[in-house]
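Here the structure comes first, spelled out in structure tokens, and everything after it is commentary.
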Amino acid sequence: MSDDVFITGTSSGLGRALAEEYLERGREVYGLSRRPAGIESPRFHEARTDLGDLDAIAPVLDKLLGKANVELAILNAGMLGEFKPMPELRIDELHHAMDVNVWANKQILDWFAAHRPPGQIVLISSGAAVSAGKGWGSYALSKATLNMLVQLYAHDLPDSHLVALAPGLVHTAMQDQIHGEVDTRRFPSVKRLKEARGTAAMPGPREAAQMIAEALPAIRERRTSGDFVDIRDF
């Protein structure tokens, strides 16, 4: 069985930390992101594309993964979007969030369906997919759709085990954006996130990546393909 791992969003944050984690575990890692990851390893292979450009994804995967035998795919890349009340959220903003957080992942899943689907596919979701406060509009809607996308593809990729995984609070650029830009008086739901920043309740990317890597075998064994899973349950 191949040990190759494919990860999106490897230029920073959780995606980069996951790439480093699996490299340390001796795996061959293939990364896809908008910017270079800056990871120096002969076992790290990367390609760059903007996941908002949906038509560009398949040709990039052809070049990056054409000779790889990916056993684990972690579709991590995503965007938060601007915090706004729903009446202020424009349709074009929703379109962009859906392109990056949902339809780009569909393009990747379709590419795997036409080639060799990995044994395990993990799509990074969020607790906001099932319980969102005021202002989470584009992020919550896109992650809720992502959860359903996983359920549907679980039927169509029967040889793969798919889950939508909420990684819990992780101190990434997304949390920095929330901390620096979002007004807790207008959007009270972010108060808990701001209070958790810098505490054990919000680990850094490397700690979160290690937690995910250690949990994925148990998730594959214990959970049904298509499930929404919270990492804190493992």
Residue 81 being in contact (Cβ under 8 Å) with a residue 24 or more places away in the chain and either of a type outside the set (Ser, Thr, Tyr) or touching a Phe, Trp or Tyr at 6+ places or on another chain (Cβ under 9 Å) (or both): yes
With the requirement that a residue be modelled with pLDDT under 95 and part of a loop (DSSP other than H, G, I, E, B), what does the stretch 196-234 give you? 197, 198, 199, 200, 201, 202, 203, 204, 234
What number goes with the only condition from (1) at pLDDT below 95; (2) outside any helix (DSSP H, G or I); (3) of a type in the set (S, T, N, Q); (4) in contact with a helix residue (DSSP H, G or I) (Cβ under 7 Å, 6 or more places away or on another chain) that residue 175 does not pass? (2)
Answer yes or no: is there a residue in the stretch 1-8 that is surrounded by fewer than 17 Cβ atoms within 10 Å (Cβ to Cβ), of a type in the set (A, V, I, L, M) and either within 17 Å of residue 120 (Cα to Cα) or free of Cβ contacts under 8 Å to residues at least 60 places away in the same chain (or both). yes
From the list 57, 39, which residue is without any contact (Cβ under 8 Å) to a residue 60 or more places away in the chain, crowded, with 18+ Cβ neighbours inside 10 Å, among the β-branched types (Val, Ile, Thr) and touching a Ser or Thr at 6+ places or on another chain (Cβ under 8 Å)? 57
Restricting the stretch 173-213 to residues that are surrounded by 12 or more Cβ atoms within 10 Å (Cβ to Cβ) and β-branched (Val, Ile, Thr), the one farthest from residue 16 (Cα to Cα) turns out to be 184
If I filter the stretch 123-138 for residues that are among the basic types (Lys, Arg), modelled with pLDDT under 95, touching a helix residue (DSSP H, G or I) at 6+ places or on another chain (Cβ under 8 Å) and part of a loop (DSSP other than H, G, I, E, B), do I get at least one hit? yes
Please state which of the following conditions residue 186 fails to meet, knowing it meets all the rest: (1) in contact (Cβ under 8 Å) with a residue 24 or more places away in the chain; (2) in contact with a helix residue (DSSP H, G or I) (Cβ under 7 Å, 6 or more places away or on another chain); (3) more than 30 Å from residue 120 (Cα to Cα); (4) among the charged types (D, E, K, R). (2)
Pull out all pairs, ordered by first then second residue, where Cβ-Cβ is under 7 Å, the residues are six or more apart or on different chains, the first lies in the stretch 144-162 and is closer than 24 Å to residue 80 by Cβ, and the second is part of a helix (DSSP H, G or I) and among the aromatic types (Phe, Trp, Tyr). 162/153
Just one listed residue, out of 64, 94, is in contact (Cβ under 8 Å) with a residue 12 or more places away in the chain and either crowded, with 17+ Cβ neighbours inside 10 Å or not aliphatic (A, V, I, L, M) (or both), and it is 64
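The values are calculated or read from the model by the stated rules, or taken from the named source; none is laboratory data. Note that the coordinates shown come from a computational prediction; the quantities given were computed from them, not determined experimentally. For neighbour counting, all protein chains shown are included, and Cβ atoms are generated from backbone atoms with ideal geometry for every residue, glycine included.
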